[in-house]
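Take a look at the structure below.
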Amino acid sequence: MAMAAGKKLGILAGGGMMPCLVAERAEAAGRPVHIVALEGEADRAIERFSHSWVKWGEIGRMLQVLARAGCDELVIIGSVSRPDMSQVRFDVGALRNLPVILGLMVGGDDSVLSRVVRFFEGKGLRVRGAHEIAPDLVAPAGPLGRERPGARDQKDIAKAMAVVRALGALDVGQAAIVSRQHVIAVEAVEGTDAMLERAAKLRQWGDGRGQRRRGVLVKRPKPGQELRVDMPVIGPRTVELAAAAGLKGIAVLAGQVLLAERDVLVARADAAGLFVVGVEEEEAVESTGDRDG
């Protein structure tokens, strides 16, 4: 989908480098940006762009900043922690929308994020996905580095994809680890990084000598996930944690997962001897491969 060059793009920024990467792509395409950064979440690197800082609860200020900047479209990107609502101080704009805002906090991630989109669109902002603004950040099909998954890895990938697809219907998580067809870990509310750290403590599921890597991390959207505001992301840290957990590789659903700092991600995967591969949906259902893992 083509961007409207010249129209200012608003970016509501959480943590990590993705807000900066999206801003860079937008400006390179001739689209000015204004970043609204959440204090305590967003990285200071956003300050090289036109920006404003807002606190949790400053919904009125957030909407005013976007309006004054002339933004008619909004990308919501970056990691956020759930705020302690007892510590949040709502501004006047938030209080005017308090029933709606409190309603946003009820339910699982998918329902909350869908209501967030409807809230901003109800205020006249068109919510766009990061993948629409920066399609080059989306994982392509096929291997990204030197390493390739073998036949056993392909079977593990297919099973892990099926696990996330099945549990995702219950709004559980976006990732799973499978080794030799055994489900080692499933992502829940703790997130992918914490799941990998948990898996690292279970190294006995490897070959028993700690010398040969086994198992795969799969990351993919849940069925019906609101990709405009919650497309899964992997980055260099994901590779580091997968290596520490003794995994052989990482597979993502092609076209539906973002890659943060792709060049660094691939370099670290190659250095660690891990494969990183984008898998099409049909491959995720029917495993293939003619090499032994």
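The values are calculated or read from the model by the stated rules, or taken from the named source; none is laboratory data. Keep in mind that this is a model prediction, so the values were computed, not measured. Here the Cβ is made from the backbone with ideal geometry for all residues, glycine too, and neighbour counts use every protein chain on show.
The sole residue among Val277, Val264, Val252 that is over 25 Å from Arg180 (Cβ atoms) and either among the aromatic types (Phe, Trp, Tyr) or modelled with pLDDT of 95 or more (or both) is Val264.
Inclusion of Val239 among residues that are crowded, with 21+ Cβ neighbours inside 10 Å and either modelled with pLDDT of 90 or more or among the aromatic types (Phe, Trp, Tyr) (or both) is warranted. One residue stands out in the range 215-225 among those that are touching a residue at least 60 places away in the same chain (Cβ under 8 Å) and surrounded by fewer than 21 Cβ atoms within 10 Å (Cβ to Cβ): the one that is nearest to Ala271 (Cα to Cα), namely Gln225. Go through the residues of the range 167-178 one by one and say whether even a single one is surrounded by fewer than 17 Cβ atoms within 10 Å (Cβ to Cβ), in the same structural domain as Gly70 (by TED's automatic domain parsing), closer than 20 Å to Leu227 by Cα and touching an Asp or Glu at 6+ places or on another chain (Cβ under 8 Å). The answer is no, given that none of the residues of the range 167-178 is surrounded by fewer than 17 Cβ atoms within 10 Å (Cβ to Cβ), in the same structural domain as Gly70 (by TED's automatic domain parsing), closer than 20 Å to Leu227 by Cα and touching an Asp or Glu at 6+ places or on another chain (Cβ under 8 Å). If you take the residues of the range 94-125 that are surrounded by 16 or more Cβ atoms within 10 Å (Cβ to Cβ) and of a type outside the set (A, V, I, L, M), which of them is modelled with the lowest pLDDT? Ranking the qualifying residues of the range 94-125, first place goes to Asp110.
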